[in-house]
Structure formats: C-alpha cells, structure tokens
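Student: Quick one: structure below, then a few questions.
Bear in mind these aren't lab numbers, they're just calculated from the coordinates by the rules spelled out. Please read all numbers here as calculations on a predicted model, not as lab measurements. A quick note on method: Cβ atoms are made from the backbone with ideal geometry, for glycine too, and the neighbour counts reach across all protein chains shown.
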Amino acid sequence: MNLRGIDPRDTAWEQDHARYRVYFWDVPARTSHEYEILDDVDIDELLTWTTQHASEHGWTYTIYTATSDGDSPGLIRLAGVLGDPFS
C-alpha cells in the first residue's frame, strides 16, 4: 500500500451516508443476488452483515457505493470480489 499526505481542503463536498449495493456471487450455480441497502448504515455494519450472509450461503460478495458521473449512474467497488466472479 502506497500512502501520501493530503490537504483535506481539496474537496468541495462530502456526504455522510452512501447508497450501497451488495452483490452476492453463487459461483457454482453461476448466479448472483443483488441488493440495494435502503437504511443509512455505516460500512462496518454493512461489512458485518454481508460477510455473515455470504458465509451462511457459501457465497462470495462485492460491496459497491452507487454514484453518478454527470448523468451516467455507476458503481465504485469498496470490498470483495474484483472483476467477474464467473470468469
């Protein structure tokens, strides 16, 4: 991990709550289960629930935050599987 100091004044805004999406990957069945989290939860609470739910089912997961780039919606990966879990 490569680190550098930053000036926290270099941003114009911040948001206290993110919109999260969780994708669970059932690799043997080659299927996924996608959810948007509707409550205002912090990432620690979401990670705890996600890892427990995935473990109970034998699945892997990816956690995203939903965002937009102008008019185009998108996702930013925060944790879990990187790339296509079925490849």
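Student: Picking from Gly70, Ile43, Thr60, whose Cα lies most toward the positive end of the charge dipole for the chain (charges on Cβ: Lys, Arg +1; Asp, Glu -1)?
Tutor: It is Thr60.
Student: Same structure, new question: May I ask you to sort His17, His53 by Cβ crowding, counting other Cβ atoms within 10 Å and putting the fewest first?
Tutor: Lowest to highest Cβ neighbour count: His17, His53.
Student: Additional query: Output the 0 to 90 degree angle, nearest 10, between the alpha-carbon long axis of helix 43-57 and the longest principal axis computed from the alpha carbons of the chain.
Tutor: The angle comes out at about 10 degrees.
Student: Which of the peptides 57-67, 26-36, 42-52 is most tightly packed, and how do the rest follow, going by the mean number of other Cβ atoms within 10 Å of each residue?
Tutor: 57-67, 42-52, 26-36
Student: Let me ask you something else. State the percent of C-alpha pairs, over all pairs in the range 17-80, separated by a distance greater than 14 angstrom.
Tutor: 56 percent
Student: Moving on. Which FRET efficiency value, to the nearest 0.05, is calculated for Thr11 and Val81 with the Förster distance at 22 angstrom and r the Cβ-Cβ distance?
Tutor: So, using R0 = 22 Å, E works out to roughly 0.15.
Student: So what is the calculated 222 nm ellipticity per residue for the chain, using -39500 (n - 2.57) for each DSSP H run with n of 4 or more, over all residues, to the nearest 500 deg cm²/dmol?
Tutor: -5500 deg cm²/dmol
Student: Still on this structure, I have one more. Tell me, Leu75, Leu82 in order of fewest to most beta-carbon neighbours within 10 Å?
Tutor: So the residues, fewest neighbours to most, are Leu82, Leu75.
Student: With only Lys, Arg, Asp and Glu charged, each at its Cβ (+1 for the first two, -1 for the last two), find how big the charge dipole of the range 17-80 is about the Cα centre; round to the nearest 20 debye.
Tutor: That gives a dipole near 300 debye.
Student: Also, I was wondering about something else. How far, in nm, would the chain grow between His53 and Asn2 when pulled straight, counting 0.36 nm per residue and subtracting the alpha carbon separation?
Tutor: The His53-Asn2 span can extend by a further 15.2 nm.
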